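What follows is one structure encoded as structure tokens, with my remarks underneath.
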Amino acid sequence: MKTKIIEVSTDTNIGGAGKCLITLLENFDRKLFDVKVILPPNSLLKPLVENLGTEVIEVHGIAEKSLDLRSIRSLKKIFKAEKPDIVHTHASLSARIAARQTGSKVVYTRHSVFPPSKYLTSFPGKQINGLINNHYADAIIAVAEAAKDNLTDTGVSAGKIQVILNGVDGLRPVPPEEKEALRARFGVKPGEKVVSIVARLEEVKGHDYFIEAADMLLSEGISAKFFIAGTGSCEMQLREKVRMMGRENKIIFTGFIPDVDKLMNITDIQANASYGTEATSLALLEGMSLGVPAVVSDFGGNPGVIDNGRNGFVVAKQNSAALMVGIKKLLCDDTLYNEMSKNCISVFKERFTAKAMTRNTEMLYMSLV
């Protein structure tokens with residue numbers, strides 16, 4: 001008999017947690033697991049889930065919310081009818097409460113890393129948070145060691161937590177002739193290097209520091225284009241910053257691009273400047289699968305992805321000069337770059353494949369049932 005799993009996501013858009021869910025669905029052993037997914041109405045994840053032959057159950061009231069008291073009743077009704085062995089939530093406390101009340105085992109994944117508030121790390125907030133999370137989960141997945149630290153710092157029992165690193169399917173490297181066509185598509189001239197940052201355009205993602213580092217490098221005569229891929233609430237002010245620098249031809253905003261793998265295929269160096277929230281960046285993993293080294297801030301899960309000096313550099317967060325120095329080293333030293341590029345592929349295969357993430361998740365499920 002198959003183990004029945006219901007995955008619950010509250011996302012209406014496609015972010016890192018949603019991509020992880022899709023990766024799990026693509027790789028689950030369907031001979032062992034019968035999987036359904038609960039989503040809010042009109043979630044952009046729905047067609048992706050259904051294209052994988054997985055049933056979607058839509059529930060009102062859960063969109064972008066961890067706790068919605070009214071939706072608990074709807075979720076309980078679904079769990080009573082479906083009788084899942086395990087409910088795996090990717091944010092929803094409402095679903096954890098409903099699953100606990102209807103007798104299912106509960107798994108909760110912590111996808112994010114951020115500095116916890118003083119309330120959650122001291123009495124009585126730490127005790128209350130710990131009590132809630134320890135009670136409403138049989139197991140908790142942390143997608144990075146930093147995510148585990150967040151949880152234990154806020155009262156969650158370390159014994160409940162298992163670190164399962166994010167994994168992705170490696171990107172397909174394009175042949176040289178296609179790469180040249182892609183460089184032309186993105187306006188990259190012969191001899192120019194490409195440095196990219198792929199992240200939501202929000203303040204804590206550190207695009208300001210990336211732009212300042214790019215400006216410093218360009219001022220030193222470095223021949224490169226710097227691409228900012230994504231959208232977000234800070235887009236207009238970031239664009240204005242670049243305009244005031246007069247760097248619009250060298251620091252390029254791509255907006256949302258559905259085929260970001262094409263940009264990654266022409267990227268020489270990837271950057272991640274986060275300082276407020278970052279677990280395991282899927283963009284970094286995808287770049288590594290192609291041999292793209294990265295220069296990253298020392299925040300959250302970044303040091304768990306980039307081994308400083310092996311497959312990139314880890315530098316101080318909120319420090320444009322440090323980011324610039326790391327990128328410059330890779331741009332100006334071909335021997336160093338080639339060594340780190342080879343190491344990227346090795347590290348990816350060792351630790352960050354989609355199959356490894358999925359098998360570890362399946363093993364956790366089986367240990368609970």
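One table, with the values for the structure above:
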read-out	value
Shape of region 176-351, Cα gyration tensor, a/c cut at 1.5	rounded
C-alpha long axis of helix 125-135 to longest principal axis of the chain, angle in °	60 degrees
Cβ charges +1 (Lys, Arg) and -1 (Asp, Glu), total dipole of region 176-351, debye	140 debye
Relative contact order for the chain, counting Cα pairs under 8 Å that sit 6 or more residues apart, in percent	15 percent
For region 132-178, alpha-carbon Rg relative to the globular expectation (2.2 N^0.38 Å, N residues)	1.81
Chain lengthening between Ile132 and Asn308 when straightened (0.36 nm per residue, less Cα-Cα)	59.7 nm
Assigned charges on the beta-carbon of Lys, Arg, Asp, Glu; the chain dipole about Cα centre (debye)	1020 debye
Proximal lysines to Lys225, defined as alpha-carbon separation beneath 26 angstrom and excluding residues fewer than eight positions away on the same chain	Lys179, Lys189, Lys193, Lys205, Lys241, Lys250, Lys262, Lys317, Lys328, Lys329, Lys342
Proximal aspartates and glutamates to Lys36, defined as alpha-carbon separation beneath 17 angstrom and excluding residues fewer than eight positions away on the same chain	Glu7, Asp11, Glu26, Glu50, Glu55, Glu58, Glu82, Asp85, Glu362
Gain upon complete extension [Glu192, Ala158; 0.36 nm per residue less C-alpha separation]	7.4 nm
Helix-derived mean residue ellipticity, 222 nm - over the chain, DSSP H n ≥ 4, -39500 (n - 2.57), to 500	-13000 deg cm²/dmol
(1) 28, 55, 17, 0; (2) 24, 36, 20, 14, 5, 0; (3) 33, 63, 4, with the label sought being that of the calculated P(r) over Cα pairs in 20 Å bins from 0, in percent	(1)
Region 71-82 - phi-based ³J(HN,Hα) in whole Hz, Karplus 6.51/-1.76/1.60, Gly and Pro as x	6, 4, 4, 5, 5, 4, 4, 5, 5, 5, 6, 7
Residue (of Gly301, Gly125, Val163) at the positive-pole extreme of the chain, dipole from beta-carbon charges	Gly125
Computed lengthening from Asp333 to Ile345, 0.36 nm per intervening residue step minus Cα-Cα distance	2.4 nm
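Read the figures in this text as sums done on the coordinates, not as results from a lab. Everything numeric in this text was worked out from a predicted model, so none of it was measured. Heads up, the Cβs are rebuilt from the backbone with ideal geometry, glycines too, and the neighbour counts pull from every protein chain shown.
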